[in-house]
Each structure stands twice: as C-alpha cells, then as structure tokens.
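Engineer: So that we are looking at the same thing, I have put the structure below in structure tokens.
Derivation of every value follows stated rules applied to the coordinates shown; laboratory data play no part. Remember, it's a predicted structure, so these values are computed and weren't measured experimentally. With ideal geometry, Cβ positions are generated from the backbone for all residues, glycine too; neighbour counts draw on all protein chains shown.
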Amino acid sequence: MPLTTDEDIRALLTEARTIALVGASDRPDRPSYGVMKRLQDHGYRVIPVNPQITGEHVHGEFVFRELGQLGDSIDIVDIFRRSDAVEPIVEEAIQIGAKAIWMQLGIVNEAAAARAEAAGLKVVMDRCPAIEIPRLGIAPVEGA
C-alpha cells in the first residue's frame, strides 16, 4: 500500500539523504528543474538522471544516463516521467537497492507500485516532495 499518511511521508523525507531524480531537466521552465533546486536547498543530495542530457550538469550535479550508473546509495528515486514509463524505472530502482519510489504529481502506476512494494521499497504516488516538505514542516537535512 503506497504511503499516504502525513506521518509516513514525513518519516520517509526525514530519513532520506540522497535522491535520484529521474527525468531531470536542464531547462528552467521544467518542473523537475525547480524541484531539484528546492530539494538541494533543503539539504538533500540530488542526483539527476536523464538519458537525453547525460554528461551535462544540472545545479552542479553530473547527469547520469540511468540509475544503474550511480555508485551512491539512493534513498528515494523521484520520478518525473509519464505513468506508462514508470515500470522500467522501478525495476532499475530495485536492482540498485533504492529504498523508496516517489512518483510526482499526476503520476500513478499501480502495477509499478505493487512491484516496488513486493521488493521491499516504500512508494509514494501523485505527490511532490517540494510541496510536502514545507507542508509537513520538515527541517532541513542535517549538515546542509
């Protein structure tokens, strides 16, 4: 069952330190660009993933082609892709040992959520962490 209570979402965002943002953009007019910056400003390490702009930098972070290239432990995989493109991302997240999948506003994929949960990952759908953090009054990440 995807996380829906304020308490569960607060716990996930409080425990997280590193977020892989799939569908990151280097274009300031794209929602993922602003969300990435807000998450960084809150103290999270945000690693951008996008095969279209791989090798570039967004907000000072190198952009990777796929989750499998990341050497760091990932707490949350934040997905900025269409609902029908989520399942392969969830499979990659499972393979790299991510702890949670976060599907952005408007993104719902029940099959992908069930697959992630069956593999032990926490799941959030149809929400934005950049909205949830101030709404829930979550303090900045320690050391930020």
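Engineer: Full extension from E66 to A85: what is 0.36 nm times the residue separation minus their Cα-Cα distance, to one decimal in nm?
Structural biologist: On the way: separation 19, 0.36 × 19 = 6.84 nm, distance 1.35 nm.
Extra length from E66 to A85 when fully extended: 5.5 nm.
Engineer: Next up: I'd like the distance separating the alpha-carbon centroids of the stretch 1-34 and the stretch 95-140, in whole Å.
Structural biologist: Taking the Cα centre of the stretch 95-140 as reference, the centre of the stretch 1-34 is 7 Å away.
Engineer: Under a 10 Å cutoff between Cα atoms, tell me which one of I19, I131, I89 has the largest fluctuation in the Gaussian network model of the chain.
Structural biologist: Residue with maximal mean-square fluctuation among I19, I131, I89: I131.
Engineer: Mind sorting out which of (i) 0.94; (ii) 0.92; (iii) 1.05 is the real Rg/Rh (Cα atoms, Kirkwood Rh) computed from the coordinates?
Structural biologist: Answer label, from the structure shown: (ii).
Engineer: Given the options F80, P134, I19, identify the residue whose Cα lies farthest towards the positive end of the charge dipole of the stretch 6-136 (+1 on Cβ of Lys, Arg; -1 on Cβ of Asp, Glu).
Structural biologist: So the residue furthest toward the plus end is P134.
Engineer: Which of T4, T18 comes first, and how do the rest follow, when ranked by fewest Cβ neighbours within 10 Å?
Structural biologist: Numbers: T4 13, T18 17.
Neighbour counts put them in this order, fewest first: T4, T18.
Engineer: Next question. Pairs of alpha-carbon atoms within less than 8 angstrom and 6+ residues apart define the contacts here; what relative contact order does the chain have, in percent?
Structural biologist: Numbers: 264 pairs, mean separation 38.9, N = 144.
Worked out over the chain, it gives 27 percent.
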